[in-house]
Amino acid sequence: MGTITQIDATRTVSPAAPGELIRVEDVHKYYDLGETRVHALRGVTLTITRGEFVAIMGASGSGKSTFMNLLGCLDKPSSGRYMLEGIDVSKLEKKDLAVIRNRKLGFVFQGFNLLARTTALENVELPTLYARLNKDDRVRRASESLQMVGLGDRIDHYPSQLSGGQQQRVAIARALVNSPAILLADEPTGNLDSRTSVEILDIFQKLNDGGLTIVLVTHEADVARFAKRTLVFRDGKVRRDEPVKDRPRAQEVIKTMPSIEED
C-alpha cells in the first residue's frame with residue numbers, strides 16, 4: 001500500500017488556507033438508476049475550518065447523506081474537488097481512501113454498529129489494528145478514549161450490558177481512538193431518548209471545545225441548534241449556511257430535564 005506522503009508528493013497536494021480543514025469546490029454527484037440519472041449534488045462549494053461544529057440538515061433526497069458520504073471518503077464526486085487537509089481526496093484510489101478514513105476521520109452512526117461478542121474496550125480498540133501499534137498501545141488508546149466519554153468503569157462490559165446511550169458513547173470512543181482530524185456523526189441521536197440525546201450532544205460540545213472539528217447530519221432542528229453552524233440542503237444544493245444564534249449548552253439543558261434511570 002502506498003503511503004499518503006507518496007501520494008501527496010506526486011499529484012494531490014494543494015496548499016490549504018490557514019485553519020482550513022475541508023474545501024469543496026463545485027461538487028456534483030450523479031447516480032445512474034437504470035435509465036434514470038439522479039443528480040444528487042449540484043455544484044456544492046463550501047469550506048469548513050478547524051474547530052467548527054457544523055450541523056447538516058435537509059429532507060430525504062436533499063443531498064445531505066450523499067454529501068456526508070463524500071466527506072467521509074465513502075464515495076467520490078462525479079466532478080469537482082474535495083480537499084481534506086490539502087489532499088485532493090477526489091483523485092485517490094480506494095486503498096488510499098481507506099488509509100484516509102482510518103487516519104483522519106472518525107465515524108459515529110445512528111445504529112452504534114458495535115460487535116456484540118466483544119467488550120467495550122475491544123470494540124474501541126478495533127480501528128487501531130490498522131495503525132501498526134503494539135497491543136499495549138492499542139489498549140492504552142482505547143482505555144483513554146473510553147475515559148473521555150465517561151465509560152472508564154465499563155471497559156469490560158459487552159454491548160448487551162450497556163444502555164443505548166452507553167453504547168453510543170462506546171461508538172464515539174471508537175471514533176476518537178485514532179485521534180481523527182474530523183468527527184463525522186450521521187444521525188447519532190436517532191435511536192436515543194431526549195435526555196440521552198442531549199447527553200451525547202454534551203460530549204460533542206466538550207470535544208469541540210477541545211478543538212475537534214465535528215460535522216453532524218440530523219433532520220432534527222432541536223439537535224442542530226447545539227452546533228455552531230447549520231447547512232441546509234435542498235435539491236442537491238446548499239440553500240442556507242448560517243451560524244447558530246443563541247446556541248444552548250447541553251450541560252445546562254440536561255439540568256432542566258428529568259433523569260432517566262439506567263440499569
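The values are calculated or read from the model by the stated rules, or taken from the named source; none is laboratory data. Just so it is clear, the structure is predicted and the values come from calculations on it, not from any experiment. Using ideal geometry, Cβ is built from the backbone for each residue, glycine included, and neighbour counts are taken over all protein chains shown.
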Output the residue which, of all residues in segment 58-102 that are under 17 Å from the mean Cα position of the chain (by Cα) and among the β-branched types (Val, Ile, Thr), is surrounded by the most Cβ atoms within 10 Å (Cβ to Cβ).
89
Considering each of 40, 16, 55, 9 in turn, give the residue that is under 22 Å from the mean Cα position of the chain (by Cα) and either at pLDDT below 85 or at positive phi (or both).
16
Members of segment 158-200 that are within 13 Å of residue 110 (Cα to Cα), assigned to a helix (DSSP H, G or I) and free of Cβ contacts under 8 Å to residues at least 60 places away in the same chain:
164, 167, 169, 170, 197, 200
Residue in segment 119-136 that is among the β-branched types (Val, Ile, Thr), without any contact (Cβ under 8 Å) to a residue 40 or more places away in the chain, part of a loop (DSSP other than H, G, I, E, B) and farther than 30 Å from residue 46 by Cα present:
yes
Can you find a residue that is in contact (Cβ under 8 Å) with a residue 40 or more places away in the chain, aromatic (Phe, Trp, Tyr) and not in a helix (DSSP H, G or I) anywhere in segment 57-79?
no
Going by the structure shown, is residue 124 within 16 Å of the chain's Cα centre (by Cα) and among the β-branched types (Val, Ile, Thr)?
yes
Please specify each residue of segment 81-113 satisfying the condition of being assigned to a loop (DSSP other than H, G, I, E, B) and in contact (Cβ under 8 Å) with a residue 60 or more places away in the chain.
85, 86, 92, 110, 111, 112
Since residue 91 meets every condition but one in (1) modelled with pLDDT under 95; (2) touching a Ser or Thr at 6+ places or on another chain (Cβ under 6 Å); (3) within 24 Å of residue 242 (Cβ to Cβ), which condition does it not meet?
(3)
